[in-house]
Amino acid sequence: MSNEQFSAHPTDPVDPPPGSNTAPVPPASAPAGSTPPGAPATTDAPLKPTAAERANTIVRKVVIGLIIAALLVIAYFILEAFLPRWWAGQIGRRVDGSMASGVWTGLVLGVLCTFVPLLLFTLAFLSRSRLRNVPAIAFAVAGIVVAIPNLLTLSVVAGGGNGAHAGERIFDVEAPGFRAATAWGVIIGVLLAILVGWFIWRYRRRGRQLEATRPKKDKKKDKKK
């Protein structure tokens, strides 16, 4: 009889004898730090802030908000007392008591400082959602800056503080006709802005209609280009 029947393959695993305390060897391919089967999984849960921490955060935000509101109120009263008087003085020195100069200055400022800001605001609206709204913000800021002369005149006419009353007296003496001409200039500027906005709307509508009537092949060619 050959000894092949009694020879064991050297690579076959040998079972431990019954009753032995030998622990099974984990496979060598198990990654380091892996959780063995049956072991509870450990997760790093974020610590929730306590009630005292949340209260401190709320109190800090309220205090910061009150400080900002107080600074804005102080700045408003300072500007209300200074800006109307200063602006009226600038216009008074420019007009120097001349009715014709007052009317001309009021018309120019009223038209330009109304029409141009409205046009810039329209462009800001049309260029929204492009390049993360950077052009829209730039147009809006430029429109506010250009509208400052009309806003200053409005602070004199509609203001109720001492600076506004002083500015009205300066307008009456040194800039006759300026306020009425500015009001007419604002009306003209609004009408011009509406007219230009209507032309822009018609142009964009015409472009959409032409785009809708174009064949699909031409649209694909334009996209490839």
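The values are calculated or read from the model by the stated rules, or taken from the named source; none is laboratory data. Just so you know, these numbers come straight off a predicted model, no measurement behind them. Positions of Cβ are generated from backbone atoms using ideal geometry, with glycine treated the same way; all protein chains shown enter the neighbour counts. Note: areas computed on protein heavy atoms with side chains; ligands, DNA, RNA excluded. Shrake-Rupley method; radii C 1.70, N 1.55, O 1.52, S 1.80 Å.
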Checklist outcome for this item: Expected vector for the range 54-66, Karplus 3J(HN,Hα) from phi with 6.51, -1.76, 1.60 and θ = phi - 60°, integer Hz, x for Gly and Pro, equals 5, 5, 5, 5, 5, 5, 4, 5, 5, 5, 4, x, 5
Next on the checklist: I'd like the FRET efficiency for ARG93 and ALA158, computed as 1/(1 + (r/R0)^6) with the beta carbon distance as r and R0 of 25 Å, rounded to 0.05.
Outcome noted: 0.65
Checklist entry - What nm value, rounded to one decimal, do you get for the distance between LYS48 and LYS61 when each label is placed 7 Å out toward the C-beta? => result 1.8
Checklist entry - With every protein chain left in place, what is the accessible area per residue of the range 50-118 in square angstrom, probe 1.4 Å? => result 68
Item to check | Accessible area (Å², per residue) of the range 127-176, counting only protein heavy atoms and a probe of 1.4 Å | outcome: 59
Checklist entry - PRE reach from ALA180 (point 7 Å along Cα→Cβ): which of the range 86-128 fall under 11 Å by backbone N? => result 103
Next on the checklist: Counting only Cα atoms, I'd like the Rg/Rh figure for the range 84-156, Kirkwood definition for Rh.
Outcome noted: 1.14
